[in-house]
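Here the structure is laid out as C-alpha cells; the discussion comes afterwards.
Here, each number is a calculation from the coordinates, and none is a lab measurement. Predicted, not measured: the structure shown is a model, and the values here were computed from it.
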Amino acid sequence: MSSSGFVRRDGGLSTGDDTTIHEDSINAHDHDPLLEDDDLELGKERSAISPPLEAAAVAEPRRWYHSPAWLFCAVGLLCLVVIQNAVFFLESCGYESGFKTELAYLKPSIKLHRTRFTGAIRATADGNGLHVPEPALDAHGRRFTGPPSPAVDAAWHDLIYGRYVPFTPSEINVLNTDTGVPPLLPLSLTNQSGTDGQVLVPREGYYGGPDMLHSLHCLNGLRKHLRLDYYGASMPTLPTEYERMHIDHCLEQLRQAVLCHGDMTPVTLRPVRNERGHVWALLGETEREHTCRDGEALGSAWRERAGEGERVESE
C-alpha cells in the first residue's frame, strides 16, 4: 500500500499504520490534487448508491403558485376593479348628475350654465361712491327687488309656484328608508271651499318638492316681512310666537343652504375712498362669472310633472 496514504470510506485519511487523520485537521493551504480527485470519485460512488434528497427537490418542476408574481397580479387586478368602481360612482353621483339624497325625478333635468349675478353694488366712476346699476333684472326681464308691486310679486310667484306635487309609491318607499325623520303621512281631502283655514289638497296622497323651492319660499317670506306696511294684510295670520319661529327657521334654512351649495366663485375687494382719499368702505365685487345648476329649468321640470289641479299651491 502506498506510503502516501489513501482515502478511507469514513472520510478520514489512512497512513498505512491505521492512524486516521480527519480532513478538518489538514491545513487549508496544503491541498493535494490527488486527494481532491479521490474525493470526487468517492462522491460519484455515494451518488450511485444513495442519491441525495436535495437533488430530487431541484429536479422537480417549479409550480406557478410557488412564485409571488401571481399574488402581485391578483392584488393589481383587485385594485384596478376598485378604482374603476370608484370612478364610476363619482361620475354617476355628483353636482352635475345629482346626489343619492336628491330627487331622482329631477336628475335628468340637471344642466350647468355660466352666468353673472345681477343686482351687484358697484363703485362710482370716481371711486368715491356706491351704486346699483338699474334696473336689476334677470335674463327674462323680471325684477325681484325694489318697491313692492304686482310685477315683483308675479316674478316671485313664477319661481315658487307648484312646489308640492304627489309622490309615486316607489318614491314614498325610498323616502321612508330615512330613519332620521318620521315616516311620511298622507294628506287627506279637506273642505274644498277652503274655509276655516283648511289647506286645499287636490287628492289624497303624499306630497313634497325640491328644497330649492322651499328656500325661495323662505327668501320671499323674509322679503315680505321687510314691508309689512304693504303685505301685512295679505300675509297669513299667525300667533306671534309662530311668526317669529317661521322667520328664524327661514334664516337658518338660507344660512345652511348657502353653506350646502358652497359656491367657490371669487369675490374681490375694491377700496372706496372719500374726497380726502381715505378708504371708508371695502366693496365686495360679486359680478364674476359663476358656474351654476340651472335652477329655473329644474323648477319648470318639477311643475310639469303634475297638472294645474294636481299641485298644492303654497307660497
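Here's how it looks for PHE167: its modeled amide H is under 5 Å from those of TYR206, TYR207, GLY208, which are all 5 or more places away or on a different chain. Normalising the average separation of contacting C-alpha pairs (under 8 angstrom, six or more residues apart) by the number of residues puts the relative contact order of the stretch 145-300 at 19 percent.
Taking 0.36 nm per residue of sequence separation and removing the Cα-Cα distance, the LEU251/TYR161 pair yields an extension gain of 30.3 nm.
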